[in-house]
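Below: the structure, in structure tokens.
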Amino acid sequence: MNFSVAFEIFGAAMEGSHLLDLVGNAAPLIAFCAYLVKDIIWLRTLTIISAATWLLYLFSGSHILWLAAFWNAAFIVVNLGRISMEMRERFSVKLTPEERDVYASTFANLSPVEFHKLLAVGKWMNVEYGQNITEQGKPVENVMLVYQGMAAVLVNGTLARYVAPWEFVGEVSFLTSDKASATVSATEPMRVLAWPHKDLQKFLNTHLTVRFAMRAIMSENLAKKLRERG
């Protein structure tokens, strides 16, 4: 039995019933659900299912809309290709134990591929005890995420708070382009992941998904600091 005969039999079985209407309504509903998910592979998978459901609906009627059928088939082919490329990229991403910690703690909203690209813009730095990470009133060169160690935040020479692991340093200057509002000095040896301002801004300008996620993470981190300050 070829496909055309099978569709004719299926269409005849559904004519005069509510099943055809159910299939027709299911297709846009699945497409609607696709835009609610964050993961791009799930989005494309649901889009494929939606397009396939549309094809089932179109071929079940007495008159086939070939133009609509063609474009839904094209959507399926394109999304299958993109899923294949995305899966290859994901399997090619190799993270070190440190990088996996950073991803799990701070950047889980990014895909592994997006996070790997963000890492390529940054660099790991070791900070010695007593070294100033930023100096009040001076330009800040990097956005830094503390991985290990702690630092004191000094405003006009007075201790304001401490910076702990998984907190950003220099994010305010990055967001506002202002000079450092405080001096941040390491109170013990530290390890930080640093992104030069210019390189990070250039990267975010061409990777909008990462840009929105990065700014949301920084804003949340800043809000946490303000709450702790009272």
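Each reported figure results from applying straightforward, stated rules to the coordinates on display, with no laboratory input. Just so you know, these numbers come straight off a predicted model, no measurement behind them. Don't worry about glycine lacking a Cβ; one is built from the backbone with ideal geometry, like all the others, and counts go over all protein chains shown.
Only the Cβ atoms of Lys and Arg (+1) and of Asp and Glu (-1) were treated as charged; on that basis the dipole of the chain about its Cα centre amounts to roughly 500 debye.
Using the per-residue mean of other Cβ atoms lying within 10 Å as a proxy for protection, in what order, highest first, do the peptides 126-136, 216-226 fall?
Details: 126-136: 15.8, 216-226: 13.5.
The densest-packed peptide leads the list: 126-136, 216-226.
Over the chain, calculate the relative contact order: mean separation of alpha carbon pairs under 8 Å at least 6 apart, over the residue count, as a percent. Walk me through the numbers before you get to the answer.
Details: 314 pairs, mean separation 38.3, N = 230.
So the answer I get is 17 percent.
The Cα-based radius of gyration of segment 97-229, divided by its Kirkwood radius, gives an Rg/Rh of 0.94. With Rg and Dmax of the Cα atoms in Å in mind, check (1) 20.1, 73; (2) 26.1, 84; (3) 16.3, 47 and report the label derived from this structure. Correct label, based on the coordinates given: (2). Selection among S84, A74, V102 by position relative to the dipole of segment 66-112 gives A74 as farthest towards the positive end (Cβ unit charges, Cα centre).
Over segment 97-229, what relative contact order in percent results from Cα pairs under 8 Å that are six or more residues apart?
Working: 228 pairs, mean separation 42.3, N = 133.
It comes to 32 percent, rounded to a whole number.
Near V127, the amide H atoms lying under 5 Å from its own belong to M190, R191, V192; only residues 5 or more places off or on other chains count, and H is placed 1.01 Å from N. Between K198 and S219, the modelled labels are 2.8 nm apart [label points 7 Å from Cα along Cα→Cβ]. Distances between placed amide hydrogens fall under 5 Å for V143 paired with W195, H197, all partners being 5 or more residues away or on another chain. Mean residue ellipticity, 222 nm, helices only, the chain: the sum of -39500 (n - 2.57) across DSSP H runs of n ≥ 4, divided by residue count and rounded to 500, is -19000 deg cm²/dmol.
Once a ≥ b ≥ c are taken as the square roots of the eigenvalues of the Cα gyration tensor of segment 21-86, is the result rounded (a/c under 1.5), prolate (a/b larger than b/c) or oblate (a/b not larger than b/c)? Show your work: numbers first, answer last.
Working: a/c = 3.49, a/b = 1.54, b/c = 2.28.
Oblate, since a/c reaches 1.5 and b/c is not below a/b.
Take peptides 163-172, 93-102 and line them up by average Cβ neighbours within 10 Å, highest first, as a rough protection proxy. List each step's numbers first, then the result.
Details: 163-172: 19.2, 93-102: 13.7.
Final packing ranking: 163-172, 93-102.
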